[in-house]
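Everything on this sheet refers to the single structure shown next.
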Amino acid sequence: MSPHRKATATAHANIALIKYWGKADEALIIPRTSSLSLTLDELYTTTTVEFGGEGAEGAGGTDHATLDGAPVTGRAMERITAFLDIVRERAGIRGAAQVASVNTVPTAAGLASSASGFAALAGAAAAAAGLDLDDRDLSRLARRGSGSASRSVFGGLAVWNAGTDDATSYAEPVAGGQSFSDRLAIVVLVLDDGPKGISSREAMRRTVDTSPDYEPWVAHHARHLADARAAIADGDLERLGEATEANALGMHATMRGAVPPVDYLTAASRAAVQTVQAARDAGFPAWATMDAGPNVKVLTSAEQAEALNSWLYDRLAPATPGLRTLVTHAGPGLTVEKGQS
Ligand code: DP6
């Protein structure tokens, strides 16, 4: 049995402004495009990993995990064990693990819970296994769990460089992004927090394999990313917002072109996007982005976020039963606390 080692890590969710959608390498999770995100203060996951502790049976034993106190089973548990196998192999240890994770992010509702989840798991598992990894290596490791998790290792604005192999595919802070990220906010419009019908993993695979709209989006994507980087360097929120909204709408169009089509957006999502566009016409900085779920996230300025939130809420709430909204700001990168060994 390996030595009893335990560690806890916290990672924050991130919202991609310029998206990752499609893999060049399924096994290593090398993306077709680079992506750029904002890590959020208010949404995070804290995970404790213990190898070979009480309840684990050592080599040949079974990993156990809980999420908010409930046991993780099925495909979700297989993904955790596959990830822990990468850590065990790298550290040369064999014990089964106990994983306990607490989430402030509604799971599987397109609020990026796999990003904070696998980044926290990477930080905790690596430390518990005795691996001493720098942020770049942690980002590469988190990527193996879920691509978007590579970005949650970093606070504020982060870019995941697509790269071409395991060594070159990692996230890092966006140059010049630190002070600008403090001026940003994201209003999250939670339209539906039920689990999504099709996983982002499956949906992006289907898009790459069958959608005639995918390659044109990849071609536009390079321009969106260049615009976003230039906007960040210049502190130009409007230019960042325009690239953000165009990139997200384009990504969703690629999915609708897949066979059979994937459409995460509901009538409520479409109404929300139109209301965001109306907010812009009314003078707010406001640009919509959506991920693998119906919820709409609105990029805005920290200064105007509360006013925009009220404006959007007032217009959407009457026709959107159960609407919840949340104002979020730039948050920190991964933190790891090493436990007793
Ligand atoms: C739409 O990172 O969840 O949120 O790598 O297969 O685990 P896997 O996918 P995941 O996909 C996220 C897709 C997205 C866009 C983004 O976050 O860039």
> With each label point set 7 Å from Cα along the Cα-Cβ vector, what nm distance links A233 and D41?
Replying inline: 2.9
>> On a full-extension model of 0.36 nm per residue, what is the gain between L249 and S199, subtracting their alpha-carbon distance, rounded to one decimal in nm?
In response: 16.1 nm
>> I want to make sure I understand the PRE zone here: with the label point 7 angstrom from the Cα of A222 toward its beta carbon, which residues in region 150-180 have backbone N atoms less than 15 Å away?
In response: 162-163
> Between D132 and E306, 0.36 nm times their residue separation minus their Cα-Cα distance comes to what?
Replying inline: 58.5 nm
>> Using only Cα atoms and rounding to the nearest 10 degrees, what angle (0 to 90) does helix 200-210 make with the longest principal axis of the chain?
In response: 70
> In deg cm²/dmol and to the nearest 500, what is the mean residue ellipticity at 222 nm of the chain if only DSSP H runs of at least 4 residues count, each as -39500 (n - 2.57), divided by the residue total?
Replying inline: -12000 deg cm²/dmol
> Roughly how tilted is helix 214-234, in degrees to the nearest 10 and between 0 and 90, from the longest Cα axis of the chain?
Replying inline: 80
> How do L43, L121 rank when sorted from fewest to most other Cβ atoms within 10 Å of their own Cβ?
Replying inline: L43, L121
> Which residues' amide hydrogens lie under 5 Å from the amide hydrogen of G61, considering only partners 5 or more residues apart or on another chain, with H built in the peptide plane?
Replying inline: A96
> What ³J(HN,Hα) values, in whole Hz, does the Karplus curve 6.51 cos²θ - 1.76 cosθ + 1.60 give for region 274-291 when θ = phi - 60°, with x put for Gly and Pro?
Replying inline: 5, 5, 5, 5, 5, 4, 5, 4, 7, x, 7, x, 6, 9, 8, 9, 9, 10
> Tell me, what does the Kirkwood hydrodynamic radius of region 5-179 come to in angstroms if you use every pair of distinct C-alpha atoms?
Replying inline: 15.9
> Rule-of-thumb check for region 230-301: C-alpha Rg over 2.2 N^0.38 Å?
Replying inline: 1.17
> Rg (Å, one decimal) plus Dmax (Å, integer) for the alpha carbons of region 199-341?
Replying inline: 17.4, 58
>> At a 10 Å Cβ-Cβ cut-off, how would you order E245, E337, fewest neighbours first?
In response: E337, E245
> Which of D182, D68, D314 moves most in a GNM of the chain, Cα contacts under 10 Å?
Replying inline: D314
> When the Kirkwood radius is taken over all Cα pairs of the chain, what Stokes-Einstein diffusion coefficient follows at 10 °C and 1.306 mPa s, in µm²/s?
Replying inline: 79
> Taking only Cα atoms, what is the 0 to 90° angle, nearest 10, from helix 237-256's long axis to the longest principal axis of the chain?
Replying inline: 70
>> Cut-off is 10 Å between beta-carbons; in what order do V218, V276 appear when sorted fewest neighbours first?
In response: V218, V276
> Picking from G155, G117, G250, which is most flexible by a Gaussian network model of the chain using Cα springs under 10 Å?
Replying inline: G250
>> Checking a compactness column here: for region 164-219, what do you get for Rg(Cα) / (2.2 N^0.38 Å), N being the number of residues?
In response: 1.67
> E215 versus D165, label points 7 Å from Cα toward the beta carbon: distance in nm?
Replying inline: 2.6
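Values quoted throughout were computed directly from the atomic coordinates according to the rules given, and no laboratory measurement underlies them. Treat the numbers as computed from the prediction; the structure is a model and nothing was measured. Ideal geometry is used to build each Cβ from the backbone, glycine not excepted, and the neighbour counts take in all protein chains shown.
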